[in-house]
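Asker: I'd like to ask you about the structure that follows.
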Amino acid sequence: MRRPKTAFFDLSCCEGCQLQVVNAGELLLEIVNLVDLVEFREAMSEKHEGGFDVAFVEGSVTDEHAAARLREIRDRAKVLVALGSCASTGGVNGMKNAFDLAEVGRIVYGDGRRFFPTATTRALHQVVPVDYTVHGCPIAIPEFLAVLKCILSGIPYTVPDQAVCTECKRNENVCLFDRGVTCLGPVTRAGCNSWCVNNGNVCYGCRGLVSNPNEKGMLQVLTAHGISLEHVVRRMEMYNRCREEGTGRGR
Ligand code: SF4
Ligand code: SF4
Ligand code: SF4
C-alpha cells in the first residue's frame, strides 16, 4: 500500500512540536512506517517538489510572508493539519496582539524594524481551511499518533471536549487550588491527560477553552480562594489571544 507523502512545515514558533515528533523514540519508527516523509527540515535535508497527501504545519501566522507561505502549502496539500498551540489557537505568539504593533516593532527591533514587517497574529484556520488539529504546547505524541491514524483512515478526529480537571481527577492529583495555586484546568480543553499537573505544574490553558466551560463552577472556586476573575482571564490570554471575536474561543 502506498504510504501518504507527508511533510512538516513551521511558521512562527519555537519548533518544539516538531521536536516532540523527532524525539518520539520508538514511536517515531511507527510514524515513519505509516507515512512517506518527504520534507521535514528539523529531521532531514531533502525537499519535495509538487503536492503532499498530508502537511503538518506548526506555528502561527505573524506576517504576510507567513500567510502567503501557508496558502501555498494549503494549495499543495490534500490534508492540512495544525500542529500545536501556535498553529491551533495562535499560542504564545498571540500575546503581541494586546499591544500596538508599531510599538512592538520599535521595542524588539529598534532601528532595524523596517526589515521585520509584522502583523496581527492569527491561528492557521484564520487564514486557510484546516482539516485536523493537534492541540498543545507542545503536542503530546499519543494524541499526534491518534490524529495521524484518523487521517490515514479518512475519519475525523474528535478533540476531547471536557475540562482538563476531568483527567486530573482520574489521575488522582491533589487540586492545586487547595494548595493556593491558580490553575486553568477548569476551563481548558482536555486531551493531554492533565500532563502539566501530573508533573507538578499548573495548567496554562495551552489547548484552548473547552467549548462549554463551567463558568459558574469556576467562579465559585475563585471566590472560595479569593482569586479575581480578571487574574484568570489574563492568564488564559497567554495562549488564547487569537480567539474569534464573539465566540470567546479559538478553534
Ligand atoms: S505550540 Fe509551544 S512547543 Fe509548539 S511550536 Fe508553539 S511554542 Fe513551541
Ligand atoms: S483545577 Fe487544576 S489541579 Fe485542580 S483539578 Fe483542575 S486541573 Fe487539576
Ligand atoms: S495541563 Fe494545561 S497547559 Fe498542560 S498540556 Fe494540558 S492543557 Fe496544556
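Asker: For residue 161, work out the one condition from (1) within 15 Å of ligand 3 (Cβ to nearest atom); (2) assigned to a loop (DSSP other than H, G, I, E, B); (3) surrounded by 15 or more Cβ atoms within 10 Å (Cβ to Cβ) it doesn't fulfil.
Answerer: (3)
Asker: Here is a further query. Conditions: (1) without any contact (Cβ under 8 Å) to a residue 40 or more places away in the chain; (2) open to solvent by 40 Å² or more (accessible area, probe 1.4 Å); (3) near ligand 3 (Cβ under 9 Å from one of its atoms); (4) touching a helix residue (DSSP H, G or I) at 6+ places or on another chain (Cβ under 9 Å). Residue 215 meets all but one. Number of the miss?
Answerer: The one condition residue 215 does not meet is (3).
Asker: Output the residue which, of all residues in region 1-27 that are under 20 Å from the mean Cα position of the chain (by Cα) and assigned to a helix (DSSP H, G or I), is nearest to residue 87 (Cα to Cα).
Answerer: 17
Asker: While we're looking at this one, here's another question. Looking at region 198-234 only, could you name the residues that are touching a Phe, Trp or Tyr at 6+ places or on another chain (Cβ under 7 Å) and within 12 Å of ligand 2 (Cβ to nearest atom)?
Answerer: 204, 205, 221, 225
Asker: Next question. Restricting to region 131-158, count the residues that are within 14 Å of residue 53 (Cα to Cα) and surrounded by fewer than 20 Cβ atoms within 10 Å (Cβ to Cβ).
Answerer: Residues flagged as within 14 Å of residue 53 (Cα to Cα) and surrounded by fewer than 20 Cβ atoms within 10 Å (Cβ to Cβ) within region 131-158 amount to 7.
Asker: Could you list, in sequence order, the residues of region 12-62 that are of a type in the set (Ser, Thr, Tyr) and open to solvent by 50 Å² or more (accessible area, probe 1.4 Å)?
Answerer: The one that is of a type in the set (Ser, Thr, Tyr) and open to solvent by 50 Å² or more (accessible area, probe 1.4 Å): 45.
Asker: Cβ-Cβ below 6 Å, separation at least six or inter-chain, first residue in region 111-128 and more than 13 Å from residue 70 (Cα to Cα), second aliphatic (A, V, I, L, M) and open to solvent by 20 Å² or more (accessible area, probe 1.4 Å): which pairs?
Answerer: 118/101
Asker: Among the residues of region 173-189 satisfying the criterion of being outside any helix (DSSP H, G or I) and open to solvent by 50 Å² or more (accessible area, probe 1.4 Å), which is nearest to ligand 3 (Cβ to nearest atom)?
Answerer: Top of the filtered list is 181.
Asker: Then there is this: When region 28-54 is examined, which residues are found to be away from ligand 1 (no atom under 16 Å from the Cβ), of a type outside the set (Val, Ile, Thr) and not in a loop (DSSP other than H, G, I, E, B)?
Answerer: 28, 29, 30, 33, 34, 36, 37, 39, 52, 53
Asker: Does residue 103 meet the test of being in contact with a His (Cβ under 6 Å, 6 or more places away or on another chain), not in a loop (DSSP other than H, G, I, E, B) and not hydroxyl-bearing (Ser, Thr, Tyr)?
Answerer: Considered against the rule, which asks whether it is in contact with a His (Cβ under 6 Å, 6 or more places away or on another chain), not in a loop (DSSP other than H, G, I, E, B) and not hydroxyl-bearing (Ser, Thr, Tyr), residue 103 comes out as no.
Asker: Checking residue 4 against (1) crowded, with 17+ Cβ neighbours inside 10 Å; (2) of a type outside the set (A, V, I, L, M, F, W, C); (3) within 16 Å of ligand 1 (Cβ to nearest atom), which single condition isn't satisfied?
Answerer: Condition not satisfied by residue 4: (3).
Asker: Let me spell it out: the conditions are (1) modelled with pLDDT of 95 or more; (2) of a type in the set (S, T, N, Q); (3) farther than 13 Å from residue 11 by Cβ, and residue 158 meets all of them except one. Which number is the exception?
Answerer: Result: residue 158 passes all but (1).
Asker: Of these, 130, 104, which one is within 14 Å of residue 59 (Cα to Cα) and either at pLDDT below 95 or not aromatic (Phe, Trp, Tyr) (or both)?
Answerer: 130
Asker: Within region 190-219, which residues are modelled with pLDDT under 95 and not in a loop (DSSP other than H, G, I, E, B)?
Answerer: 209, 215, 216, 217, 218, 219
Asker: Here's another thing I want to ask about it. Residues that are more than 26 Å from residue 161 (Cα to Cα) and outside any strand (DSSP E or B): does region 119-132 have at least one?
Answerer: Checked against the condition, which is being more than 26 Å from residue 161 (Cα to Cα) and outside any strand (DSSP E or B), region 119-132 yields at least one hit.
The values are calculated or read from the model by the stated rules, or taken from the named source; none is laboratory data. This is a predicted model, so every value here is computed, not measured. When we count neighbours, we look across all protein chains shown, and the Cβ atoms used for this are built from the backbone with ideal geometry, even at glycine. We work out accessible area using only protein heavy atoms, side chains counted, and drop any ligands, DNA or RNA first. Shrake-Rupley method; radii C 1.70, N 1.55, O 1.52, S 1.80 Å.
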